[in-house]
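Heads up: the structure comes next, in structure tokens.
The values are calculated or read from the model by the stated rules, or taken from the named source; none is laboratory data. Only a predicted model underlies this, so the values are computations on that prediction, with no experimental measurement involved. In this analysis, Cβ positions are derived from the backbone assuming ideal geometry, glycine residues included, and neighbour counts consider all displayed protein chains. Heads up: the accessible areas ignore ligands, DNA and RNA and are worked out on the full protein's heavy atoms, side chains in. Shrake-Rupley method; radii C 1.70, N 1.55, O 1.52, S 1.80 Å.
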Amino acid sequence: MTNLGFLQDVKAHIRLPPGLPSSNPTVAAWQEPAHPTISNAQSSTLPEDADIVIIGSGITGCSVAHSILHHPSAAKLRVTMLEARTAVSGATGRNGGHLVSDSDSLFSSLVSSIGLERAVETVRFSEANIRRIKDLVGELNPADQAAVEFRSVNTVTGFGDRESFRDAIRTIDQLVKAVPDGDLTYKVTTKEKGIGHLSERIITAGSL
Ligand SMILES: Cc1cc2nc3c(=O)[nH]c(=O)nc-3n(C[C@H](O)[C@H](O)[C@H](O)COP(=O)(O)OP(=O)(O)OC[C@H]3O[C@@H](n4cnc5c(N)ncnc54)[C@H](O)[C@@H]3O)c2cc1C
């Protein structure tokens, strides 16, 4: 297939309606063994009516349910969550577990497409999401906290050519100037200098 044919094929697939979830999905490693209380959790009867119906029990549906159920003026609302398969068994139950903000790699393109102000808002929203998940994990009982295995770590991104490396430095430089009080810290280094302590928000590699 030519590149153009491949792109047209991808474009056509992206536009297809998602349809119903597969009735015979693969089993994710995270779901073996199934969680004893969450996996098959469901009400004994399906409510005949509800004020709010949430379709899907992934992180999107669960965040909506959690926010509604904790909202002071929503105490009397009847909320029903519908799930076609077992709870949290879609993408949420089978992902890589990385709680990351893509702001550093996307910032320049965000500024070009939506403008500086909204790009900064997007970065702040992304970082706030990470803080919120961290807080939610902190609210769990000790056994569930241990099961979540939440850890703060440093990540390393490698570049195989100087052009992409320079682009990445430009993007991070732009991000750090626009969001000087951001949560994430960056260190730029070269293979000659090696990876030192990731303690500074940015060190621009002067020799590049
Ligand atoms: C292999 C993989 C690795 C990933 N790694 C990461 C990562 O490291 N970090 C990261 O941030 N993101 C990662 N992602 C992306 C992330 O997992 C998803 O963006 C996120 O989980 C989507 O959540 P969701 O609630 O929108 O969808 P889902 O978790 O898929 O939930 C949707 C739920 O809705 C149900 N449903 C759908 N239609 C209906 C219907 N008509 N009736 C009833 N129920 C229905 C489905 O059964 C499903 O349970 C990864 C995704 C995958 C697949």
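Points worth noting:
- For Leu110, the requirement of being outside any loop (DSSP other than H, G, I, E, B), closer than 30 Å to Phe165 by Cβ and within 14 Å of the ligand (Cβ to nearest atom) is not met.
- Filtered residues of region 84-106 (kept if open to solvent by less than 70 Å² (accessible area, probe 1.4 Å) and near the ligand (Cβ under 6 Å from one of its atoms)): Ser89, Gly90, Thr92, Gly96, Gly97
- Selection count where residues are surrounded by 12 or more Cβ atoms within 10 Å (Cβ to Cβ) and within 18 Å of Asn95 (Cα to Cα), scope region 146-179: 2
- Restricting attention to region 69-83, the residues being surrounded by 15 or more Cβ atoms within 10 Å (Cβ to Cβ) and either part of a loop (DSSP other than H, G, I, E, B) or without any contact (Cβ under 8 Å) to a residue 24 or more places away in the chain (or both) number 1.
- Residue selection: Ser44 satisfies the criterion of being more than 16 Å from the ligand (Cβ to nearest atom), open to solvent by 60 Å² or more (accessible area, probe 1.4 Å), free of Cβ contacts under 8 Å to residues at least 40 places away in the same chain and not basic (Lys, Arg).
- For the condition open to solvent by 60 Å² or more (accessible area, probe 1.4 Å), near the ligand (Cβ under 9 Å from one of its atoms) and hydroxyl-bearing (Ser, Thr, Tyr), Thr60 qualifies.
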